[in-house]
Each structure stands twice: as structure tokens, then as C-alpha cells.
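Have a look at the structure below, then the notes.
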Amino acid sequence: MRTELRVAAYAVCVRDGEILLARWVDGGGVRRWTLPGGGMDHGELPVETVVREVEEETGYDAEVVALLGIDSIRRERPGRLGGSLDWQGLRIIYEAGITGGSLRNEQGGSTDLAAWHPLDSVPSLHRVELVDIGLQLWRDRPPTGHSHLSDPANG
């Protein structure tokens, strides 16, 4: 079985009781809210990745405040040339503050909408698990940078 590793960086941006999210559109057209962020380019530092991705997906200039944690997911996926692919995603999650820019939607990317959401409305949003993992890391700030939400035993 072929293997593939994707390294990505994401931002938890909370301001005045709201979190900044981007709406991700998957290959089948399903839309779910996620943390702004995405894949690291070769030679790029993770902090550069998250700043670039926040700007691309939301229009905002961001500054990294703290490293919250690193999350890892693993999925079996169909390979591009047939067979199966053992895919792993390594997700570096930062706390970031907004320093400039203005809210706008990404054009021609993997997201189609950016918006601020009240923290208490997050449980009712159609979202990816990364939102909950990022918020749990932001709230708890575990010394190991590990979220119990990403444990396979917690499903």
C-alpha cells in the first residue's frame, strides 16, 4: 500500500467571543466549516504557512501568538492510480491574532466563505472535527499539545 503524508498549519483566531472559520468545500461539493489554514509548501516554515493561508482564505493579516498543538489523522483512501493509499495528515495548530486586512472570501481555492461565528454557536455548525480539536487546544492549552479529541478511542 502506498503512503502519503500531508503537513498543514491552521489558526484558531478568537476575538470578542467569536471564532474565525472558513467554509471548506470537499471534492463532492459538501460544505463544512473549518479552521483557516492548509498545506505547507516545500521549504516553507509552518508559521509562514498559517499566515499565508489565513490571508488567502479570509483576507486578514494574521500574527501567530502561540503554538497550541499538533494533531495527526490517518485514513485509508483510494489511490489516484488504483489500489489503496495510507494517508496521514499532520496538522499544526496555532493561536493567531488578526493584525490587519478585511474579511473576504477566497476565490478559486478550497474554501468558498469566511465568517466570524459566536463560540457558543459552534456546536450547531456543520463543521469538520478540526474545529473542535482546535478549540479544545485553545481552551485547555495542554502541556503536551495533544487533544484527547483526536484519540482513536474517542472516535
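Rolling a 1.4 angstrom probe over the range 42-123 with all protein chains present gives an accessible area of which 52% lies on carbon and sulfur atoms.
Between 0 and 90 degrees, rounded to the nearest ten: what's the tilt of helix 46-58 against the longest Cα principal axis of the chain? Once rounded, one gets 70 degrees.
Across the protein chains, with a 1.4 Å probe defining accessible surface, the residues ILE73, ILE133 rank ILE73, ILE133 from largest area downward.
I want the local charge near ARG2. Using Cβ-Cβ distances under 15 Å, sum +1 for each Lys or Arg and -1 for each Asp or Glu among the other residues. Summing Lys/Arg as +1 and Asp/Glu as -1 gives +2.
Once the mean of 1/r is taken over each pair of separate Cα atoms and inverted, the range 60-126 shows a Kirkwood hydrodynamic radius of 15.6 Å. Alpha-carbon geometry of the range 17-92: the Rg and the Dmax are 14.6, 46 Å, given in that order. Relative contact order of the chain, taken over Cα pairs closer than 8 Å and 6 or more residues apart, is 31 percent. To the nearest ten degrees, helix 129-140 and the longest principal axis of the Cα atoms of the chain are 50 degrees apart.
In plain terms, the chain from ARG2 to ARG75 could stretch by 25.1 nm, reckoned as 0.36 nm per residue minus the Cα-Cα distance. On a per residue basis, the convex hull of the C-alpha atoms belonging to the chain measures out at 132 Å³.
The values are calculated or read from the model by the stated rules, or taken from the named source; none is laboratory data. Model, not experiment: these values are computed from the prediction. Cβ sites come from the backbone with ideal geometry, for glycine too, and all protein chains shown count toward neighbours. Accessible surface is based on the protein model in full, side chains and every heavy atom, while ligands, DNA and RNA are left aside. Shrake-Rupley method; radii C 1.70, N 1.55, O 1.52, S 1.80 Å.
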